[in-house]
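Okay, structure first, notes after.
The values are calculated or read from the model by the stated rules, or taken from the named source; none is laboratory data. Since the model is a prediction, treat every value here as computed from it, not as a measurement. Neighbour counts are summed over all protein chains in view; Cβ atoms, including those assigned to glycine, are modelled from backbone coordinates with ideal geometry. Side chains are part of the model used for accessible areas, which takes the heavy atoms of the whole protein and leaves out ligands, DNA and RNA. Shrake-Rupley method; radii C 1.70, N 1.55, O 1.52, S 1.80 Å.
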Amino acid sequence: MRSLAFVLALAATIAQAQPYPSKPIRMVVPYTAGGPADLLVRGLGQKLSETWGQQIVVENKPGANEIIAAQDIAKSPPDGYNYLLASDAVFSLNASLYSKLPYDPVKDFAPVSRLVNANLMLVARPDFPASTVRELVDYAKKNPGKLNYGSVGAGGVNHLAMAWFNTQNALDMQHVPYKGLVQGLQDLMTSRLDVMFAVIGGAAPHLKAGKMKALAVSGQTRNVLIPEVPTFTEAGLPNFDASFYFGLAAPAGTPRELVARMADEAGKIVRASEFKEKYLINLGFEAVGDRPAEFAAFLKQDRELAAKKVKASGAKLD
């Protein structure tokens, strides 16, 4: 018996002493391949793989306002080999949008890092009769119920942004949900969709090619990718904002030292000049890369703001 206990103790010690990571790491992203968030996580994964010598496996699990991906990670082993890259929909908004969720945004995740902040740009089909936000508001009021707008799923950040925009301006536009940004932008460029809030990096190349119009961008200052596009404040809507973030989380119970190590390495990567030039600026993202405790404190405040935002927008999914 003593020898068996010794062997078991020795095995546990050896397991604990194994370098991390000792096998591939899985990162789940709640969006289709090719979108801004997918490109961000794949860029991050490539750098992590180069540093750690282990493969970073990216799994795309879109749908249900990021709930499918969130539920996957919430129920995954808390061993340091499962992570979720998601927006404030998972961590803050869904709790106010749904009366019941298959995951608990507070209890089921260990915050790792708020990797980036991002702003949204309001874009329109190339032949849309309005070229400014004020013109859009006037045109929509004259044509209630006749205009449509796209989103990356009901309750997502761009859906909520437009719902809030409609509420603030007393507009009636019809919602058309898509599984990913790429599909929505394709319909916009072919004039099957009227307007949409889009991640700047995803829409900017099409804007420069003249395939769509840009009406305004959220944030305090103009974006360097699209300096010709005014902010909502400049466009006459100083109280409107559509900024959001992408954060990294692990299943609750993941060892703190592994969470901290991932946060440290991911933070270094997103703040590096080379990475920002290659992945963030082109996608319209701003690097943050904070620590787990900082991200947790941010989430507490963000959930309070999200509840107010949902209430103000009138967007309730069940």
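What is the local net charge at residue 105, summed over the other residues whose Cβ is closer than 12 Å to its Cβ (Lys, Arg +1; Asp, Glu -1)?
Numbers: positive: 107, 300, 303; negative: 66, 88, 104, 108, 302.
Here the count lands on -2.
Please work out whether segment 259-311 counts as rounded, prolate or oblate from its C-alpha gyration tensor, where a ≥ b ≥ c are the square roots of the eigenvalues and a/c under 1.5 means rounded, while otherwise a/b larger than b/c means prolate and anything else oblate? Note, shape of segment 259-311 comes out oblate.
In the context of the full protein assembly, residue 218 retains an accessible surface of approximately 0 Å², using a probe radius of 1.4 Å and ignoring ligands and nucleic acids. Normalised by the number of residues in segment 155-284, what is the relative contact order in percent for Cα pairs under 8 Å and 6+ residues apart? With pairs under 8 Å counted, the relative contact order is 22 percent.
FRET efficiency for residue 294 and residue 175, Cβ-Cβ distance as r, R0 = 35 Å, nearest 0.05? List each step's numbers first, then the result.
Values: r = 35 Å, r/R0 = 0.99.
The computed FRET efficiency comes out at 0.50.
Measuring max minus min along each principal axis, the C-alpha atoms of the chain give extents of 84, 42, 30 Å (largest first).
In this structure residue 39 has an accessible area near 80 Å², from a 1.4 Å probe over the protein heavy atoms.
Think of it as helices only: each DSSP H run of n ≥ 4 in the chain is worth -39500 (n - 2.57), and spread over all residues that comes to -12000 deg cm²/dmol at 222 nm.
Just how large is the dipole of the chain about the Cα centre, in debye to the nearest 20, putting +1 at every Lys and Arg Cβ and -1 at every Asp and Glu Cβ?
Working: 34 positive and 29 negative charges, 50 e Å.
Dipole about the Cα centre, nearest 20: 240 debye.
May I ask you to give the solvent-accessible area per residue for segment 231-297, in square angstrom, as obtained with a 1.4 angstrom probe?
On the way: 3020 Å² over 67 residues.
For segment 231-297, the solvent-accessible area averages 45 Å² per residue.
Rolling a 1.4 Å probe over the heavy atoms of the protein chains gives segment 68-190 an accessible area of 36 Å² per residue. Measure nothing fancy, just the Cα-based angle from helix 292-313's long axis to the longest principal axis of the chain, in degrees from 0 to 90, nearest 10. Relative to the chain, helix 292-313 is tipped by roughly 30 degrees. For segment 66-122, the C-alpha radius of gyration divided by 2.2 N^0.38 Å, with N the number of residues, is 1.19.
Compute the length gained on full extension between residue 252 and residue 220: take 0.36 nm times their separation in residues and subtract their Cα-Cα distance, giving the result in nm to one decimal. List each step's numbers first, then the result.
Details: separation 32, 0.36 × 32 = 11.52 nm, distance 3.48 nm.
Net length gain for the segment: 8.0 nm.
Of the solvent-accessible surface of the chain, computed with a 1.4 Å probe over protein heavy atoms with every protein chain present, carbon and sulfur atoms account for 54 percent.
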